[in-house]
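One structure is given here, and the rest of the page talks about it.
What follows is calculated from the coordinates using simple rules that are stated; it is not laboratory data. On a predicted model such as this, the values are computed, not experimentally measured, just so you know. Cβ placement follows ideal geometry from the backbone for every residue including glycine, while neighbour counts extend to all protein chains displayed.
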Amino acid sequence: MKSTRALFLVLAAALLASACVNPNKQALATSESQVQLRNIQSRAFDTTDREKTLRTVIATLQDLGFVIDKADGTLGTVSATKLSGYQMRMTVTVQTKGTTQTRVRANAQLGLEAVEAPLPYQQFFQSLEKAMFLTANMDD
């Protein structure tokens, strides 16, 4: 009886020890992947004109085939849906960053799943960077 009890305690301790190690490693991996994803989803632009940036975001999303669902100038958000072959929803947030920049962050979803692949974000930001450049140079 004592050997069964000792064996049970050893197994319970081993399970507890392994359970304590895995979440820490997974939490670190998750936070690293979240930082990488945030870097893929964000860009800073050398402008403080948030309204113009929002208008450029809307035009860029439309150029990429998205339909604007909602735009809120006060919050600095734009939500849009692309329905060509799949349903991708993208929400873009525009915020001032310091005194000389504006930060744009995009979040995409396919159905209920968050998009972590870099390609949709790269396509959006390449188009947005071109549009921001053109917009800035048209005003000069």
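Observations on the structure shown:
- Counting neighbouring beta carbons within 10 Å and listing from fewest to most, the residues Arg103, Arg38 come out as Arg38, Arg103.
- Region 42-138: relative contact order as a whole-number percent, Cα under 8 Å and 6+ apart: 29 percent
- Ascending count of other beta-carbon atoms within 10 Å, so fewest first, for Glu51, Glu129: Glu51, Glu129
- Region 43-140: chymotrypsin sites (Phe, Trp or Tyr not before Pro) in DSSP coil with no more than 11 other Cβ atoms inside 10 Å: Tyr86
- Inter-site label distance for Asp49 and Thr96 at 7 Å from Cα along Cβ, in nm: 1.5 nm
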